[in-house]
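Remarks on the structure that follows.
The values are calculated or read from the model by the stated rules, or taken from the named source; none is laboratory data. Here the structure is a predicted model, which means the values were calculated and not measured. When we count neighbours, we look across all protein chains shown, and the Cβ atoms used for this are built from the backbone with ideal geometry, even at glycine. Accessible surface is based on the protein model in full, side chains and every heavy atom, while ligands, DNA and RNA are left aside. Shrake-Rupley method; radii C 1.70, N 1.55, O 1.52, S 1.80 Å.
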Amino acid sequence: DEMATSKIMRAIRVSEFGGPSVLKLYTDIPVPVPGHKQVLIRVRACGVNPVETYIRSGAYTRKPSLPYTPGTDVSGIVEAVGDGVTSFKAGDRVFTTGTDSGGYAEYTVALEDSVHRLPENLDYKQGAAVGIPYFTAYRALFRKAHARAGESVLVHGASGGVGVAACQIARAFGMKVLGTAGTPEGQALVLRCGAHHVFNHREKDYLDKIKGATGGRGVDVVIEMLSNVNLSKDLQLLCPGGRVAIVGCRGSVEINPRDTMTKESSIIGVSLFSATREEKTESASALLAGLEAGWLKPVTGPEYALEKASQAHEDIINSTGATGKVVLIV
C-alpha cells in the first residue's frame with residue numbers, strides 16, 4: 001500500500017487561463033518519472049515570480065498547453081535520476097532554473113542542465129529564490145546594460161526578488177548602487193542588500209534626490225521593474241551614454257524619444273527566456289561563485305503553503321511594497 005500511495009502527489013494545476021482562482025490544488029497527480037537526462041526532485045520550496053501570474057492570466061506571449069503546473073524555481077532533494085544523468089544522485093541538495101513538469105508541486109522533473117547544487121550555506125527557501133531573480137538580474141546588468149565596475153546603477157524597485165539580486169550583484173562587482181523601495185521595511189532591506197543609498201519612490205521629490213546623489217550627473221544604468229510607470233523619468237535620470245534595462249512592465253507608457261537623443265541613451269528589453277545555453281552556463285558559474293562566497297544572499301519574504309498559491313499570485317501583484325522573494329513552502 002505504501003508503494004501505491006507514494007506514486008501520487010499534491011500539485012497545483014491550471015486548466016484555463018484567468019485570475020488567481022484558476023490555480024487549483026489536486027491531491028491525485030501522478031509523480032513524474034524522470035526520463036533521459038532528467039532529475040526527479042522532492043520539492044521543499046518553490047519561488048513565485050510575477051511572470052507566472054502573466055502566464056496564468058493568458059496575457060503572456062508564451063502560452064503553455066493546458067492543463068499545466070506553474071513554477072520554474074524549486075529547491076529540494078534529488079529523489080531519482082533518469083538515464084544519462086551524471087552530475088547528480090539521489091539525496092543531493094539542489095535548486096533549479098527550470099522544470100519540465102512544473103514547480104508548484106511535491107515533486108518535479110527538470111533537465112540536468114537546469115539543476116544546480118545548492119550551496120551548503122543556503123537553506124531551501126533561499127534556494128527557491130535564486131532562479132529567475134538572480135539569472136534575470138545578472139542578464140540585465142551584464143549581458144544587456146553592459147554595466148562596469150565604477151558605474152552607478154539605479155535599481156528602480158529594489159526590494160523584490162530581482163531587485164535584491166540586482167543590488168547584491170552590482171555591489172559585489174564594484175558599482176555604485178542606488179535603490180528604491182516604497183516602505184520603510186523595503187528600504188531597510190535594500191540597504192542590507194548592498195545599496196549605497198536608498199530612496200522612497202512614493203515621495204514626490206525622490207527623483208531629485210537620486211540626481212543629487214550622483215552629483216547632478218545622472219546614473220549610468222537603470223534596472224527597471226515597473227517601466228509603465230517609470231520609463232519616462234528614467235530617461236531623464238540617465239547620464240550621457242546611459243542605459244535603461246527593462247525587466248518589468250504592466251502596461252504602456254508615454255515617453256519623449258528626444259530624451260534619448262541628446263544623451264545618446266538606450267532602452268533595452270530583458271527576457272531571460274531568450275538566454276542561450278552558453279549564456280545560462282556563464283551566469284550559473286558567476287552566480288554560484290557569488291553564492292558560495294557569500295556575496296550573494298537570497299532574501300525570502302512572504303511564505304505560503306502550496307494550497308495558498310492563488311493568494312500568493314494575488315499578493316505578488318497587489319502588494320504595497322515588496323520585502324524579499326515570495327516562496328511556496330511545500
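Going by the structure shown, is ALA181 under 23 Å from the mean Cα position of the chain (by Cα) and closer than 17 Å to ALA286 by Cβ?
So ALA181 fails the test.
Can you name every residue in the stretch 77-98 that is under 27 Å from SER274 (Cβ atoms) and either in contact with a Ser or Thr (Cβ under 8 Å, 6 or more places away or on another chain) or outside the structural domain of PRO119 (by the TED database) (or both)?
Listed by number, the residues that qualify are VAL94, PHE95, THR96, THR97, GLY98.
Out of the stretch 215-239, which residues are in a helix (DSSP H, G or I), among the charged types (D, E, K, R) and surrounded by fewer than 23 Cβ atoms within 10 Å (Cβ to Cβ)? Before you say what the answer is, go through the steps one by one.
At the first step, the residues of the stretch 215-239 found to be in a helix (DSSP H, G or I) are 227-237.
With among the charged types (D, E, K, R) added as a condition, the list becomes 233-234.
Within the stretch 215-239, LYS233 is the sole residue that qualifies.
Checking the conditions here, which among SER274, SER266 is out of contact with any helix residue (DSSP H, G or I) (no Cβ under 8 Å at 6 or more places or on another chain), among the small types (Gly, Ala, Ser) and open to solvent by 30 Å² or more (accessible area, probe 1.4 Å)?
Working: SER266 fails: out of contact with any helix residue (DSSP H, G or I) (no Cβ under 8 Å at 6 or more places or on another chain).
Residue meeting the stated conditions: SER274.
Return yes when LEU40 is touching a residue at least 12 places away in the same chain (Cβ under 8 Å) and open to solvent by less than 30 Å² (accessible area, probe 1.4 Å) and no when it is not.
On the way: touching a residue at least 12 places away in the same chain (Cβ under 8 Å): yes; open to solvent by less than 30 Å² (accessible area, probe 1.4 Å): yes.
So LEU40 fits the description; yes.
If the requirement is being under 16 Å from ALA309 (Cα atoms) and not charged (D, E, K, R), which of these qualifies: VAL78, VAL22, VAL39, VAL85?
On the way: VAL78 fails: under 16 Å from ALA309 (Cα atoms); VAL39 fails: under 16 Å from ALA309 (Cα atoms); VAL85 fails: under 16 Å from ALA309 (Cα atoms).
The unique qualifying residue is VAL22.
Only residues that are under 17 Å from ILE246 (Cβ atoms) and open to solvent by 10 Å² or more (accessible area, probe 1.4 Å): list them for the stretch 152-210, please.
Scanning the stretch 152-210 gives GLY157, GLY160, GLY161, VAL162, HIS201.
If you check VAL198 against the conditions, is it under 19 Å from the mean Cα position of the chain (by Cα), assigned to a strand (DSSP E or B) and not small (Gly, Ala, Ser)? Walk me through how you get there before you give the answer.
Details: under 19 Å from the mean Cα position of the chain (by Cα): no; assigned to a strand (DSSP E or B): yes; not small (Gly, Ala, Ser): yes.
Answer is no for this residue.
Where in the stretch 249-330 are there helices (runs of 4 or more DSSP H), lying wholly inside it, with at least 1 residues that are in contact with a strand residue (DSSP E or B) (Cβ under 9 Å, 6 or more places away or on another chain) and assigned by the TED database to the domain that holds VAL74?
On the way: elements: 258-261, 277-293, 309-318.
So the answer is 309-318.
How many of the residues in the stretch 302-330 are among the small types (Gly, Ala, Ser), surrounded by fewer than 22 Cβ atoms within 10 Å (Cβ to Cβ) and modelled with pLDDT under 95?
At the first step, the residues of the stretch 302-330 found to be among the small types (Gly, Ala, Ser) are 305, 309-310, 312, 319, 321-322, 324.
Imposing the further condition that a residue be surrounded by fewer than 22 Cβ atoms within 10 Å (Cβ to Cβ) reduces the set to 305, 310, 319, 321.
When the remaining residues are screened for being modelled with pLDDT under 95, the result is 319, 321.
The number of residues fulfilling the criteria is 2.
Can you pull out the residues in the stretch 115-145 that are crowded, with 20+ Cβ neighbours inside 10 Å and over 23 Å from ALA158 (Cβ atoms)?
Answer for the stretch 115-145, where residues must be crowded, with 20+ Cβ neighbours inside 10 Å and over 23 Å from ALA158 (Cβ atoms): VAL115, HIS116, LEU118, TYR124.
When you check VAL94 against the structure, is it free of Cβ contacts under 8 Å to residues at least 60 places away in the same chain, open to solvent by less than 30 Å² (accessible area, probe 1.4 Å) and not in a loop (DSSP other than H, G, I, E, B), yes or no?
Criteria met by VAL94.
Is one or more of the residues making up the stretch 14-26 open to solvent by 10 Å² or more (accessible area, probe 1.4 Å) and in contact with a Gly (Cβ under 8 Å, 6 or more places away or on another chain)? Give the derivation first.
So in the stretch 14-26, the residues open to solvent by 10 Å² or more (accessible area, probe 1.4 Å) come out as 15-26.
Cutting the leftovers down to in contact with a Gly (Cβ under 8 Å, 6 or more places away or on another chain) gives us 17-18.
Yes, some residue in the stretch 14-26 is open to solvent by 10 Å² or more (accessible area, probe 1.4 Å) and in contact with a Gly (Cβ under 8 Å, 6 or more places away or on another chain).
Under 8 Å between Cβ atoms, which residue pairs at least 6 apart in sequence (or on different chains) link something in the stretch 200-222 that is in the same structural domain as ALA145 (by the TED database) with a partner that is of a type in the set (Asp, Glu) and surrounded by 12 or more Cβ atoms within 10 Å (Cβ to Cβ)?
LYS209/GLU203; ASP220/GLU151; VAL221/GLU151; VAL222/ASP234
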